[in-house]
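Reviewing the structure listed below.
The values are calculated or read from the model by the stated rules, or taken from the named source; none is laboratory data. Owing to the predicted nature of the structure, the values given are computational and were not obtained by experimental measurement. Methodologically, a virtual Cβ is constructed for each residue, glycine included, from the backbone with ideal geometry; neighbour enumeration extends over all protein chains shown.
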Amino acid sequence: MYRETKVFCLTFAIFSTGRAIADPRCRCPKVHAGGVTTSLIMKLTHYPPRSHCSKEEIIVTLRTGGLLCLDPNGSFAKKQIKRQTKVNQQRQNQRSIETLSPPTTTST
């Protein structure tokens, strides 16, 4: 009985520790206040405040494979969000134009 209790406690401790690490938290413990060379930016992800993280987070994926957290109140981050929003709107408008235009047929 003692051995079973010991194994159970050990198993519980291992799994509960792993689960605590996997729980969602804020992704950016530190933020980069400065700018980044825009040619190095592959992807920009904007996370608004959520139930498990009260901070707004902006994460940049670099072409080198690294991640960088930007200060959401910084001028560089604000410019990048505005630029990304504009690009997304243009893409959305282009898709709606493509769906509204009649299909073209070629006659031979």
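H32 falls short on exactly one of the conditions (1) of a type outside the set (G, A, S); (2) loosely packed, with under 13 Cβ neighbours inside 10 Å; (3) at pLDDT below 90, and that condition is (2).
On the given criteria, is T64 part of a strand (DSSP E or B) and at pLDDT 90 or above? When the stated conditions are applied, T64 does not pass them. Cβ-Cβ distances below 7 Å connect the following pairs, each with a first residue in segment 46-62 that is touching a residue at least 12 places away in the same chain (Cβ under 8 Å) and surrounded by 12 or more Cβ atoms within 10 Å (Cβ to Cβ), a second residue that is part of a strand (DSSP E or B) and among the β-branched types (V, I, T), and a separation of six or more residues or different chains: H46/I58; I59/T45; V60/I41; L62/I41.
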